[in-house]
Amino acid sequence: MNKFNIAIVFSTAVLIYACTPSEEDGIDLPDGPSGTFSWSFLENDSNRVAFTGLSSEDSFLHLWEFGNGLTSVLESDTAFYPQAGEYEVTYTVHNAGGMAQSSQTISISQTLELPCEGELELLTGCDNQKTWIFSSEISAIAVGPDPYSTEWYSSPQDGLVDEQYDDSYQFTFDGGFSYNNNGGTVNPFEGYIINELVVPELTYLFSEGTGTSGENQIIIPTVDEFCWFIGTWDSGPAYDIVELTETRMVLHSTQRNGDCTQAEGFFTYIFVAQ
């Protein structure tokens, strides 16, 4: 065999060896999580439901979609359904082995008939319709990294733009919600430009005692896959009623991303009766 043939044989052997896939020890991943969950009505209350994820101990990133416009990232939580109907609840969970998801339909048999008194009367005006607008005082809009905080931003006196001052909000005793933006709404997701936003017929839920610190809440359901809001576009869907008098209302809410998922911040708003 001449030197040329020896070189070919050697090169071929090297090529075959180089193309042989290396064998590494396999990595044993855990089994994927269980996406199943249990639920039950709270004792003596057929409108409040307790949910518990039945995933493994190594699970993380829990997400509940309760079917009433609200979500949760806790492993176990409760949801309030003041109106009768069918609600699809979806639970999603992750672990190192993957993701799992399951859904169940919850049937609520009765609608709560709340009397028009207390905070509900102050909010709506009952038969004397009340209209709320942004206050011109300091911190009419404030946002921070923790509930009720103002660390990131606090609006100055008369510090909002005209398109925020001409927005108004009305709540009716029977669950109607009106947002009048006079044609323009500040869009925080595109550099705080003014967008034309057509507002459909909306509703709200008045939820007793479900707030961050046990406050009553205003909940704005999603309509046609759009997340509606009070105050600013990147808030909601639940608003704690921190303070409410005949003439002044302070609301508190989590911040939301453009895809309606919860962000890291918390808003506080101050409104006055018009």
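The values are calculated or read from the model by the stated rules, or taken from the named source; none is laboratory data. Predicted model, so just to flag it, every value in this text is computed and none were measured. For neighbour counting, all protein chains shown are included, and Cβ atoms are generated from backbone atoms with ideal geometry for every residue, glycine included.
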Within the range 44-51, identify whether any single residue is farther than 20 Å from G211 by Cβ, not β-branched (V, I, T) and not assigned by TED's automatic domain parsing to the domain that holds Y239, and answer yes or no. yes
For the range 138-150, state whether one or more residues are modelled with pLDDT under 95 and surrounded by fewer than 18 Cβ atoms within 10 Å (Cβ to Cβ). no
Just a yes or no: is a residue in the range 188-208 surrounded by 14 or more Cβ atoms within 10 Å (Cβ to Cβ) and farther than 24 Å from L70 by Cα? yes
Out of everything in the range 30-55 that is charged (D, E, K, R) and either without any contact (Cβ under 8 Å) to a residue 40 or more places away in the chain or touching a strand residue (DSSP E or B) at 6+ places or on another chain (Cβ under 8 Å) (or both), what residue ends up being farthest from V89 (Cα to Cα)? E43
Across the range 120-132, which residue is nearest to G175 (Cα to Cα) among those that are surrounded by fewer than 17 Cβ atoms within 10 Å (Cβ to Cβ) and either of a type in the set (A, V, I, L, M, F, W, C) or within 26 Å of the chain's Cα centre (by Cα) (or both)? C126
Condition check for L244: buried (at least 17 other Cβ atoms within 10 Å of the Cβ), of a type outside the set (V, I, T), more than 18 Å from A140 (Cα to Cα) and in contact (Cβ under 8 Å) with a residue 40 or more places away in the chain: no
Just to be sure before I move on: is F173 part of a loop (DSSP other than H, G, I, E, B) and either among the basic types (K, R) or surrounded by 17 or more Cβ atoms within 10 Å (Cβ to Cβ) (or both) in the structure I sent? yes
Among the numbered conditions (1) in contact (Cβ under 8 Å) with a residue 60 or more places away in the chain; (2) of a type in the set (S, T, N, Q); (3) surrounded by 17 or more Cβ atoms within 10 Å (Cβ to Cβ), tell me where S213 comes up short. (3)
Residue tally, condition more than 24 Å from the chain's Cα centre (by Cα) and of a type in the set (A, V, I, L, M, F, W, C), over the range 93-119: 3
Residue match in the range 104-114 (condition: under 26 Å from T268 (Cβ atoms) and out of contact with any Lys or Arg (no Cβ under 6 Å at 6 or more places or on another chain)): yes
If I filter the range 140-155 for residues that are in the same structural domain as E243 (by TED's automatic domain parsing), in contact with a Pro (Cβ under 9 Å, 6 or more places away or on another chain) and among the aromatic types (F, W, Y), do I get at least one hit? yes
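Each row is one residue, and each column tells you yes or no for (1) of a type outside the set (A, V, I, L, M, F, W, C); (2) farther than 27 Å from W228 by Cβ; (3) modelled with pLDDT under 90.
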| site | (1), (2), (3) |
| --- | --- |
| I8 | no, yes, yes |
| I16 | no, yes, yes |
| G53 | yes, yes, no |
| F66 | no, no, no |
| P82 | yes, no, yes |
| T111 | yes, no, yes |
